[in-house]
Structures are given as C-alpha cells and as structure tokens.
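Here is the structure we will look at.
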Amino acid sequence: MDALHITDIRAYGYTGALPEENVLGQWFRVDLVLWLDLAPAGASDQLADTHNYATATLAIQDLIRTTPFRLIEALASEIAKTVLRLDDRLTQVQVQLTKLTPPIPEFAGQVAVEIQRDRTFLNGPSPQPLRILPKSSKVGSSTASSLDPSGF
C-alpha cells in the first residue's frame, strides 16, 4: 500500500496530566503516515484523486488547540480517529505525537507516543476531553483552579 507522509505539524494545546499544563499549555508536534492508494493521483495529476493533506493538517491543529486530554496517548488516538474520518480512502494512519517541552525537572528532551490505527478503530470508544477555563482566566485566580476536578 502507498503512504503519504506529513511531518512537523505544530499546534499549541492544553493536554497534560498536570493541572498547570491544562492552564498554561504547550507546543505539540505531529508526524503522520497515511495509507491509501496513490495510483489514481499518480495517473491523473488531480487533487481530487488523493488525500488533501492541508485538510488533515488543519483538523489536527484545531483538535490540539481546542480539545485537551490528560494523556498524550488519548490525544494521539483522537488525532487518528479525526484523520481517518476525513477520507474514506484512508485505510490506516500512523500518528507520532510529541510533547516538545514536557514538564520534567532537569530534562531537556521530548516525549512522544506513536500509534498505528486502521478503520476498525473508528468503532471504538473515545475518551472524554477535559473541560478547561476560557483562555482569559489567570493562573492563581480563584477561578483558575476550577479545572475539571475529576481525576486530579
């Protein structure tokens, strides 16, 4: 099967196990591999015969910005579902989601998860996103601690 690679998709989001990550946010990077038949596009030279990678890029950036989870594993799973739902021709997706600056003391590296999912994954359950405050809230204010308390 043919594959389309989309790398270095970046977005600022609020996924993280620590409450501070849900308020302050951080940068994430996504690298994708999309499996689909590219022969029609190779023969026709028409965008309609392939997957428009701009659509996937924008959908992923929107998801990261607007739908926070506690774990990057959950966010990666939702990215996979989002991308698979964009185009019925996609048979499988690989998502590598990297937290560029994880809050680990004395650690300058990055943390990434990589998952591979096919269309059967679309029938599985999805985690409940966190409810966070509007971005105008200030850290340290009495309302800033009103993050969804379940699980913390």
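The values are calculated or read from the model by the stated rules, or taken from the named source; none is laboratory data. A quick note: this is a predicted structure, and the numbers were derived from the prediction, not measured. A quick note on method: Cβ atoms are made from the backbone with ideal geometry, for glycine too, and the neighbour counts reach across all protein chains shown. Heavy atoms of the whole protein, side chains included, go into the accessibility calculation; ligands, DNA and RNA do not. Shrake-Rupley method; radii C 1.70, N 1.55, O 1.52, S 1.80 Å.
Using the Cβ-Cβ distance between Val111 and Leu47 with R0 set to 30 Å, the FRET efficiency works out to roughly 0.25. Fraction of C-alpha pairs exceeding 26 angstrom in the chain: 32 percent, rounded to a whole number. Put a plus charge on the Cβ of each Lys and Arg, a minus charge on the Cβ of each Asp and Glu, and nothing anywhere else: the dipole of the chain about its Cα centre is then about 600 debye.
Angle between the Cα long axis of helix 53-66 and the longest principal axis of the chain, 0 to 90 degrees, nearest 10? Computed tilt is about 10 degrees. The angle separating the long axis of helix 72-86 from the principal Cα axis of greatest extent in the chain is about 40 degrees.
Surface composition of the chain: carbon and sulfur atoms hold 54% of the protein heavy-atom accessible area at a 1.4 Å probe.
Accessible surface computed residue by residue for the chain, with neighbouring protein chains in place and a 1.4 Å probe, gives 56 Å² per residue. Sparse packing (at most 15 other Cβ atoms within 10 Å of the Cβ) combined with a DSSP loop state is found for the following chymotrypsin sites (Phe, Trp or Tyr not before Pro) in the range 66-133: Phe107. Only helices enter the 222 nm calculation for the chain: every DSSP H run of n ≥ 4 contributes -39,500 (n - 2.57), and dividing by all residues gives -8000 deg cm²/dmol, rounded to 500.
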